[in-house]
Amino acid sequence: MKIARITPMAYHGPLTDLVFVKVETDEPGLFGWGECSLPGKPSGVAGAVHDLARLLRGADPQRVEWCWQRMYRHGYWRGGPIQTSALSGVDMALWDIRGKLAGCSVAALLGGPVRDRIKAYANLGLSLDPGEFRERTHAALALGFQAVKIYPLPAVAQGEGLATIRQITACCEAVRDALGSAGDFAIDLHGRPGAALAIQIERAVRHTAPLWIEEPVPPESNAALERLAQQSATPIAVGERLFTRWAFREVLERGWAGVIQPDCANAGGISELQRIAALAEMYGVGFAPHNPNGPVQAAASLNLAAYAQNFSLLETRHTHSEWTARLCSYVPRVDSLGYLPLPQGPGLGLEIDEDFLRSQSQGEWVAESFRADGSIADW
Ligand SMILES: [Mg+2]
């Protein structure tokens, strides 16, 4: 059996850019789906998939690790978001093909699930309004979620005053109040603050007992991460902007994170997330895959969550379910206790409506984040 064709499909979903990959074999009707969504970079990722396709045309799709190494090492240029995302999508599709051939889920291929259900949390997005977060929390609880994540940070400069810190604290207190003591919430700071501001924020909100503070400092500043880690009473989560196992090594060895969040569509696919999760297990660090994009990535993340011993919580996109249901046969839906059912397969266990996908806009989403004085803020 050979890989006959690898096709990237980049579109604009209801919230962000989505890039899917279809890997077709020379066996009629046998193909796999992957996802390599990287918001803001759909053309670059689709182009990188075309480059990888040249390396894999004619290869045996069942030799997933051989294909991974061929894409990684014969690219010469290592890592980075665009190249590693393209590799991730192709890897995901190869696991889908293997599962379809074996007649079982990807989790079963990895070694079988170690749990009976997958705990999920709802990403409540960005707001600066405590009342808004209270409403969004109640809506998520009504769907069954027992855990949520908030992004309560304005477009900050590095030296912020008391008003910003009080605003963030008020958002955390509102969510804690809405959840009571039985539910959990995490805070995403999107890599915006520097170490000093992150330390101030952590001290101000720790009484609300967040599960973790995510990307508390810019991803390129390990010194800031180390400084915060030495003082934080709240677990730190990082990883959505780290690519391949090599980028996670120092984070784990230095003990900076309590939770890592590699993204299956960006950090090296199912093959690499399996390895990253195992590395984190050695250090007693939780595995909470970053999973904010499309349904193919969600299905792949679900399979990894079923398999990994140190899995903690799976990010879940709970809005725009109707759009997702038109695109894909798999739509993540939690039960009344906030759990997702185990993946059933075969493969990733999903079908994509390609006609619907092609009917979607290829739009040009552009990030916008400016401070009050007109200067550029981190997005
Ligand atoms: Mg995040």
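The values are calculated or read from the model by the stated rules, or taken from the named source; none is laboratory data. Worth saying up front: this structure is predicted, and the values here are computed from it rather than measured. Virtual Cβ from ideal backbone geometry, glycine too; neighbours counted across all protein chains shown.
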Residue pairs meeting the criteria (Cβ under 7 Å; at least 6 apart or on separate chains; first farther than 15 Å from K41 by Cβ, in segment 1-30; second of a type in the set (S, T, N, Q) and part of a strand (DSSP E or B)): M1/T25; K2/T25; I3/T25; A4/T25; K22/T7
Can you give me the number of residues within segment 68-118 that are over 28 Å from A10 (Cα atoms) and aliphatic (A, V, I, L, M)? 6
Looking at E214, E220, which one is of a type in the set (D, E, K, R), free of Cβ contacts under 8 Å to residues at least 24 places away in the same chain and within 16 Å of the ligand (Cβ to nearest atom)? E220
Six or more apart or on different chains, Cβ atoms under 8 Å: show the pairs whose first residue is in segment 323-338 and within 17 Å of K119 (Cα to Cα) and whose second is of a type in the set (D, E, K, R) and modelled with pLDDT of 95 or more. D335/R117; G338/K119
A237 is checked against (1) part of a strand (DSSP E or B); (2) at pLDDT below 95 and fails just one. What number does that condition carry? (2)
When you scan segment 153-171, how many residues do you find that are touching a strand residue (DSSP E or B) at 6+ places or on another chain (Cβ under 7 Å) and either away from the ligand (no atom under 16 Å from the Cβ) or at pLDDT below 95 (or both)? 1
Determine if segment 117-128 includes at least one residue that is over 22 Å from P289 (Cα atoms) and either under 21 Å from the mean Cα position of the chain (by Cα) or buried (at least 19 other Cβ atoms within 10 Å of the Cβ) (or both). yes
Using the structure shown, decide if G347 is modelled with pLDDT of 95 or more, farther than 18 Å from D116 by Cβ and buried (at least 21 other Cβ atoms within 10 Å of the Cβ). yes
Selection from segment 172-193 of residues that are over 15 Å from T234 (Cβ atoms) and within 16 Å of the ligand (Cβ to nearest atom): H190, G191, R192
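Being away from the ligand (no atom under 16 Å from the Cβ), crowded, with 19+ Cβ neighbours inside 10 Å and either of a type in the set (G, A, S) or more than 27 Å from S375 (Cα to Cα) (or both) is true for just one of A196, A204, A140, A147. Which residue is that?
Answer to the selection: A140.
Could you say which residue among R115, R98, R78 is charged (D, E, K, R) and part of a helix (DSSP H, G or I)?
Only one candidate passes the filter, namely R98.
Yes/no matrix, rows are residues, columns are (1) part of a loop (DSSP other than H, G, I, E, B); (2) of a type in the set (A, V, I, L, M, F, W, C); (3) in contact with a Leu (Cβ under 7 Å, 6 or more places away or on another chain):
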| residue | (1), (2), (3) |
| --- | --- |
| V21 | no, yes, no |
| P28 | yes, no, no |
| W33 | no, yes, yes |
| P39 | yes, no, no |
| V49 | no, yes, no |
| L52 | no, yes, yes |
| L55 | no, yes, no |
| R70 | no, no, yes |
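Pull up segment 315-334, narrow it to residues that are in a loop (DSSP other than H, G, I, E, B) and touching a strand residue (DSSP E or B) at 6+ places or on another chain (Cβ under 7 Å), then point me to the one that is modelled with the highest pLDDT. Even if it seems obvious, please write down each step before you answer.
Taking segment 315-334 as the starting set, the residues that turn out to be in a loop (DSSP other than H, G, I, E, B) are 317-320, 329-334.
If we keep only those that are touching a strand residue (DSSP E or B) at 6+ places or on another chain (Cβ under 7 Å) as well, we get 317-318, 332, 334.
Values: R317: 88, H318: 88, P332: 94, V334: 97.
Among them, the one singled out is V334.
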Kindly indicate whether any position in segment 281-294 is within 14 Å of the ligand (Cβ to nearest atom), in contact (Cβ under 8 Å) with a residue 12 or more places away in the chain and surrounded by fewer than 24 Cβ atoms within 10 Å (Cβ to Cβ). yes
Taking the criterion of being in contact with a Leu (Cβ under 8 Å, 6 or more places away or on another chain), aromatic (F, W, Y) and not in a helix (DSSP H, G or I), would at least one residue in segment 295-308 satisfy it? no
